[in-house]
1. D208 passes all but one of (1) in contact with a helix residue (DSSP H, G or I) (Cβ under 6 Å, 6 or more places away or on another chain); (2) closer than 30 Å to F68 by Cβ; which number fails?
2. Which residue is farthest from Y128 (Cα to Cα), if the candidates are limited to the stretch 55-74 and must be of a type in the set (D, E, K, R) and loosely packed, with under 14 Cβ neighbours inside 10 Å?
3. For the stretch 169-183, name all the residues that are part of a helix (DSSP H, G or I) and either touching a residue at least 60 places away in the same chain (Cβ under 8 Å) or under 15 Å from M98 (Cβ atoms) (or both).
4. Out of Y74, Y78, I need the residue that is in contact with a Pro (Cβ under 6 Å, 6 or more places away or on another chain), at pLDDT below 95 and either part of a helix (DSSP H, G or I) or not aliphatic (A, V, I, L, M) (or both). Which one?
5. Just to be sure before I move on: is D16 farther than 26 Å from T103 by Cβ, crowded, with 16+ Cβ neighbours inside 10 Å and at pLDDT 90 or above in the structure I sent?
6. Among the residues that make up the stretch 186-204, is at least one of them polar (S, T, N, Q), farther than 19 Å from A287 by Cα, crowded, with 17+ Cβ neighbours inside 10 Å and in contact with a helix residue (DSSP H, G or I) (Cβ under 6 Å, 6 or more places away or on another chain)?
7. E87 - would you say it is free of Cβ contacts under 8 Å to residues at least 24 places away in the same chain, within 22 Å of H149 (Cβ to Cβ) and not hydrophobic (A, V, I, L, M, F, W, C)?
8. Give the number of residues within the stretch 280-306 that are of a type outside the set (V, I, T), more than 18 Å from the chain's Cα centre (by Cα) and either within 11 Å of R31 (Cα to Cα) or at pLDDT below 85 (or both).
Amino acid sequence: MIDDTASSPHRTERADFQATRDPALMEGADRGQVNLLSYHELYLLWERQQWQTQTIDFTQDREDWWGFPEEERYQRMYGLSSFFIGEQKVAEELGPIMRAAPTEEMKIFLCTQIADEARHVEFFNRFYQEVGVLDAGDLHGRLEETSAHLNPNFTTLFDEMLKSRVDRLAREPEDLEAMVEAITLYHMVIEGMLALTGQHFIITYNEDNGTLPGFVEGFNNVARDEHRHVAFGARFLREMAQRDERYRDAIQRTLVECGPAADGVLAPPWYEEGMELFGVTMDETRAFAMKALERRMKVIGLAPVA
């Protein structure tokens with residue numbers, strides 16, 4: 001867990017996860033003390049952390065999936081759909097963010113993130129295809145079919161809030177305030193709060209139950225990539241917050257504005273008060289997400305340190 005109190009090492013305590021220097025994984029972040037990697041160091045880390053979607057074996061996953069009760073398969077689809085479509089949407093939105101980045105080092109790292117997001121889409125596409133989760137026969141059809149499992153808050157966060165900032169950057173790449181808002185939404189909220197929280201509980205639930213081993217292998221790689229992305233966002237936002245008060249305000253304003261939609265994404269359309277999702281309550285899920293955000297905000301300099 002993020003509080004680092006587990007008796008046995010958690011996957012995020014492995015050397016490869018720790019190497020990302022994502023503040024959410026570091027106890028020192030509670031005191032605002034994390035040595036964030038430079039943009040070039042993050043690029044070099046990307047080179048060292050390569051993986052291939054085509055080498056993952058989904059044979060056992062297919063047996064496991066079709067051994068789940070129908071209701072459980074339906075409930076699992078919300079998490080899968082959020083990630084599958086989310087990866088595809090953020091891959092589309094990264095181009096203008098990369099082109100608007102103020103330095104060449106930032107641009108180079110963001111190019112690696114575009115490649116990562118494309119690989120994440122392919123990972124989910126292979127899982128859906130090999131396991132036979134959906135009826136559609138191609139990537140476009142699977143994305144369209146699985147979108148029925150999302151809730152309206154997902155559309156608000158991705159297609160309205162994030163897209164509007166990215167569209168501003170596409171028109172005015174010199175607008176650093178729009179860049180700060182986009183990075184806050186993308187790296188701190190969508191990846192840092194929502195994706196990494198969902199990954200934590202989905203991976204843990206399947207590991208505890210011994211199910212979907214191929215999916216767990218690949219999803220661990222996806223999670224590690226996204227911790228690296230979030231480490232980029234933390235460094236960028238810390239630099240911007242130190243540069244100008246208006247950028248500090250932009251970060252805080254964006255977090256407040258997107259808060260209700262982000263919280264809404266955590267709950268599936270069929271969720272009822274008191275239900276457990278992947279073995280945890282909604283309160284536990286929210287607490288995990290907020291602790292991760294709090295640690296990152298401390299390192300950026302926008303939250304009081306212990």
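1. The single condition D208 does not satisfy is (1).
2. Here the residue is E71.
3. Selection gives L169, A170, L176, E177, A178, M179, V180, E181, A182, I183.
4. Details: Y74 fails: in contact with a Pro (Cβ under 6 Å, 6 or more places away or on another chain).
Going through Y74, Y78 in turn, just one is in contact with a Pro (Cβ under 6 Å, 6 or more places away or on another chain), at pLDDT below 95 and either part of a helix (DSSP H, G or I) or not aliphatic (A, V, I, L, M) (or both): Y78.
5. The answer is yes for D16.
6. Kept after step one, since they are polar (S, T, N, Q), are these residues of the stretch 186-204: 197, 199, 204.
Right, trim to farther than 19 Å from A287 by Cα and you get none.
Within the stretch 186-204 (the criterion being polar (S, T, N, Q), farther than 19 Å from A287 by Cα, crowded, with 17+ Cβ neighbours inside 10 Å and in contact with a helix residue (DSSP H, G or I) (Cβ under 6 Å, 6 or more places away or on another chain)), the answer is no, since none of the residues qualifies.
7. no
8. Residues meeting the conditions: 5.
The values are calculated or read from the model by the stated rules, or taken from the named source; none is laboratory data. Predicted, not measured: the structure shown is a model, and the values here were computed from it. Positions of Cβ are generated from backbone atoms using ideal geometry, with glycine treated the same way; all protein chains shown enter the neighbour counts.
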